[in-house]
Amino acid sequence: MCGIVGYIGHRQAYPVVLKGLKRLEYRGYDSSGVALIDDGLRVFKKKGKVSELEEATIGQNLSGQIGIGHTRWATHGEPSDRNAHPHVSALGKLAMIHNGIIENYASIKEELQNKGYTFKSDTDTEVLLNFIEDIKENNGCSLEEALRIALKRVVGAYCILLVDCNDPHTLLAARKGSPLVIGIGKGEHFLASDASPIIEYTKEVVYVNDYQIAIVKADELILKNLGNERQTPFITKLDMELAAIEKGGYDHFMLKEIYEQPSTIHDCLRGRLKPDVNQIIMGGVDVNLDQLSKAARIMIVACGTSWHAGLVAEYLIEELCRIPVEVEYASEFRYRNPVINPGDVIIAISQSGETADTLVALENAKEKGAIIFGVVNAVGSSIARLSHAGAYTHSGPEIGVASTKAFTGQLAVLSMMALKIAQAKGTISPERFSHLLQELAAIPAKVAKILEDTTGIEAIAKKYKDARDFLFLGRGYNFPVALEGALKLKEISYIHAEGYPAAEMKHGPIALVDDKLPVLFVATKDRYYDKIVSNVQEIKARKGRVICLATEGDTIIPSMADDVMFVPDADEVLAPMLSVVPLQLLSYYTGLALGLDVDKPRNLAKSVTVE
Ligand code: F6R
């Protein structure tokens, strides 16, 4: 949420910063801006996409070897030129960009207003910037010292980059709760919210920790804590290729990422799932297997699509491992004073590893003695580092704002975990264990089969694109899939969609059914099949428009549906990895048919780093 880029070195900063902003645009795209220092400070800001900023800077003097850039997802103040970052301080000397929220900005603002300050924007960022400048001017201290003093007063989350037009050789950065990566080049440094703007130049990076300040010069990087003590930067090597963050011939990242799923699921299983020797090897699970299998209960904490993966895991772990599971929205879990006892196991699921609600919920739980097990995609992210142990999903960078391949990666990891725990506990028979290993190994090829021909799904999308509402229904393992299908459709097509357990429909939502409402049933062959056939009949009897997702070879469900999509047969506990794929495509093609920007849906941003 909000993308931050900075450069200091021997190159011209503008092209590096602009390219970085384009790579980070998925984090926010309502306005953007850059600040450059050469013979003075120059700032360019524009409401709208980064391409509009680029256009606005044509013909301008863009020189300077130090620069910062920002792409915004509005929190304080509407998207506009004046609320766009970078902000410039009252004396016109400092420029700053910020990702996060300064929660006590109102009281600081009042303090500054009492001193005569006025503000050009509605943002909390401009307040913090003037607060820093005020401290610097009144205390006669360095900018670094003023920053430190100011941050000790700040409540909230931030990643900030700060430059001073009187010091074109230093870029200051600080983080708490919002991510910051620094790329180490030869005589140059690159700063960004994630590694995507950096990998083109260097693979050596430092992940800045909470409460650290970075003093960055072309050939020097100093990290300090808020107590002004130096801390050793820990350099890690990025395991990522440039191709992973480019569209690679697809029209949209979302489509590319849907199509990557056979290989991303395969990558997730590779080296872990060994059906030939009837084994699953997962380092993070293996060393904690005793704790996991003896857990009296497991709590799963996540948001959005990751929360839906958590619901599937609830079914899996309860069924296979016989351990009670609670699946919690991170935002609720955090604030409702949950009962957490030392030794409780929490599985945290997150694609980005930076979701503020999840992160803070976990920090609180960790303080109370819980063991945190992270199922995370982004390597080196805050949640991955906070977890005691974990398993990466290895889905590669997910850039489309709507989560797709991360979901199937999460399901693959969670299935393997459940199987391992069940085996350790003896709650699964050896026959069922080896059957599910074989079934899991077959998933990538089955996903590939779904993707071979998507013309039917595209036609359904075109047919129903003008619907005002949509209902998604499923039972058992397919209930979370129905929720995920509804979420995807809302996000990408702006059609109001609800997901429900199919049986729950008659307790209320059935009142919505008329001859205009499309009702999509996730009705694959499983133990609930006969029940869902009855549910389909109930909708037909009320003249609803029925779309079904059925198992290949089934003839009963297709005979009842107005339209049908198929997936290959699979064991029901693993079927969500297949049934979600046509629903991802349905939302993609619906958004496309409506002429919407499927990679950057309105009001959304990837990596929600504000609470
Ligand atoms: C949905 C979507 C969001 C995220 C949610 C959690 O398509 O992208 O609902 O799933 O914001 O994000 P992570 O998994 O990064 O914690």
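Quick notes
- Flag for GLY474 being surrounded by 21 or more Cβ atoms within 10 Å (Cβ to Cβ), within 16 Å of the ligand (Cβ to nearest atom) and modelled with pLDDT of 95 or more: no
- THR358 vs. criteria within 11 Å of the ligand (Cβ to nearest atom) and either open to solvent by less than 30 Å² (accessible area, probe 1.4 Å) or outside any loop (DSSP other than H, G, I, E, B) (or both): yes
- If you check GLY544, GLY591 for being more than 19 Å from the chain's Cα centre (by Cα), within 16 Å of the ligand (Cβ to nearest atom), outside the structural domain of GLU257 (by TED's automatic domain parsing) and farther than 18 Å from GLU452 by Cα, only one passes: GLY591.
- If the condition is being more than 28 Å from the chain's Cα centre (by Cα) and not in a strand (DSSP E or B), then segment 218-234 contributes ALA218, ASP219, LEU226, GLY227, ASN228, GLU229, THR232.
- Failed item, numbered, when ILE215 is tested on (1) open to solvent by 50 Å² or more (accessible area, probe 1.4 Å); (2) more than 24 Å from the chain's Cα centre (by Cα): (1)
- Residue match in segment 552-571 (condition: outside the structural domain of GLU354 (by TED's automatic domain parsing) and either under 26 Å from ALA378 (Cβ atoms) or within 12 Å of the ligand (Cβ to nearest atom) (or both)): no
- Flag for ILE372 being more than 12 Å from the chain's Cα centre (by Cα) and open to solvent by less than 20 Å² (accessible area, probe 1.4 Å): yes
- In segment 1-107, counting only strands (runs of 3 or more DSSP E) that sit wholly within it, the ones holding 1 or more residues that are among the small types (Gly, Ala, Ser) and open to solvent by 10 Å² or more (accessible area, probe 1.4 Å) span 40-47.
- Taken over segment 293-331, the criterion of being open to solvent by 30 Å² or more (accessible area, probe 1.4 Å), more than 19 Å from TYR500 (Cα to Cα) and within 14 Å of the ligand (Cβ to nearest atom) is satisfied by SER331 alone.
- Just one of the listed residues (TYR207, TYR201) is open to solvent by 20 Å² or more (accessible area, probe 1.4 Å), hydroxyl-bearing (Ser, Thr, Tyr) and more than 30 Å from LEU411 (Cβ to Cβ), and it is TYR201.
- Where a residue in segment 377-403 is assigned by TED's automatic domain parsing to the domain that holds GLY283 and of a type in the set (Phe, Trp, Tyr) and its partner, wherever it lies, is within 13 Å of the ligand (Cβ to nearest atom) and open to solvent by less than 10 Å² (accessible area, probe 1.4 Å), with Cβ under 7 Å and at least six apart: TYR392/VAL376
- When the test is whether a residue is of a type in the set (Val, Ile, Thr), out of contact with any helix residue (DSSP H, G or I) (no Cβ under 6 Å at 6 or more places or on another chain) and open to solvent by 50 Å² or more (accessible area, probe 1.4 Å), VAL155 passes it.
- Segment 384-396 - residue that is part of a loop (DSSP other than H, G, I, E, B) and open to solvent by less than 30 Å² (accessible area, probe 1.4 Å) and, of those, farthest from the ligand (Cβ to nearest atom): SER387
- Candidates ILE340, ILE347 - the one that is in the same structural domain as ALA441 (by TED's automatic domain parsing), within 16 Å of the ligand (Cβ to nearest atom) and either farther than 30 Å from SER193 by Cβ or at pLDDT 95 or above (or both): ILE347
The values are calculated or read from the model by the stated rules, or taken from the named source; none is laboratory data. This is a predicted model, so every value here is computed, not measured. Cβ atoms come from the backbone with ideal geometry, glycine included; neighbour counts cover every protein chain shown. Ligands, DNA and RNA are excluded from the accessible area calculation, which covers all protein heavy atoms including side chains. Shrake-Rupley method; radii C 1.70, N 1.55, O 1.52, S 1.80 Å.
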